[in-house]
Amino acid sequence: MFDLKKTVAAMAVLGGMAAAMPAYADDGIVRHAGGKFPISTAIEVPAGATTVYLSGMGAPVQDTKADPKSLAAYGDTQAQTYAALQRISDELKKLGLGMGDVVQMHVYMVEDPKLGKLDFEGMMKAYTQFYGPSAKQPNLPVRSAFGVAHLANPGWLIEIETTAVRAPGK
C-alpha cells in the first residue's frame, strides 16, 4: 500500500544526498558545493587542462569627471565589484573563456569610508549577478575574500584576482 509520509521522507533524503553530490561538468572539472552559499568548497581539475591566471582587476573609471584616484571615480563596493567582474568577463572572452571557467577567485577589499567597514554585502550583491542561482551560473569558483589596509589605487574599494581553467579540447 502507498504510504505518502514514507515517500515524502525518502524523497527528502534523496534530495539532500543530491545536494551533497559533486557537480561534474562535461569538461571533466568537478565542483564540490558546500551548501547554499554561491561558492564551491573544492574543485578538481583534470589532467591536461590549462591554467589561466588573470591579474588582479579593479573597476574601470565610471565617472570621468572625477579624480581617477578618488572613490567618486569608481563608485561604491557593489558598483566596483560589478564593474571589476564585468572587466574579468571581458578579458576571459578574449581568451575564448567565460565566467564559468573560473575555478578560483581572491577578492581583496578595503573599508568603505562612508560605511566605516568592509561592504561584504555590497560585494555579494554584485557577485551573485555572475555566480549563483539568480545568475544561472552553475560553475561556482572557490573563493576567498580578504580585508586589506590599502589597494594600489586609492579610489578602489575592491580588487579581484582570478584563476580560470581551459578544459582539454576547449
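The values are calculated or read from the model by the stated rules, or taken from the named source; none is laboratory data. Keep in mind the model is a prediction, meaning the values are calculated, not measured. When we count neighbours, we look across all protein chains shown, and the Cβ atoms used for this are built from the backbone with ideal geometry, even at glycine. Ligands, DNA and RNA are stripped out before the accessible areas are found, and what is left, the full protein with its side chains, is counted by its heavy atoms. Shrake-Rupley method; radii C 1.70, N 1.55, O 1.52, S 1.80 Å.
Of note:
For every residue, the table says whether it meets (1) closer than 22 Å to Asp119 by Cβ; (2) assigned to a helix (DSSP H, G or I); (3) open to solvent by less than 10 Å² (accessible area, probe 1.4 Å); (4) without any contact (Cβ under 8 Å) to a residue 40 or more places away in the chain.
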position: Gly56; (1), (2), (3), (4): yes, no, no, no
position: Asp63; (1), (2), (3), (4): yes, no, no, yes
position: Ala72; (1), (2), (3), (4): yes, yes, no, no
position: Leu92; (1), (2), (3), (4): no, yes, yes, no
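- Out of Ala126, Ala83, one residue alone is closer than 18 Å to Gly58 by Cα, within 11 Å of the chain's Cα centre (by Cα), crowded, with 16+ Cβ neighbours inside 10 Å and modelled with pLDDT of 95 or more. It is Ala126.
- Residue in the range 94-121 that is surrounded by the most Cβ atoms within 10 Å (Cβ to Cβ), counting only those that are among the charged types (D, E, K, R) and assigned to a helix (DSSP H, G or I): Asp101
- Ala33, sole failed condition from (1) open to solvent by 60 Å² or more (accessible area, probe 1.4 Å); (2) at pLDDT below 90: (1)
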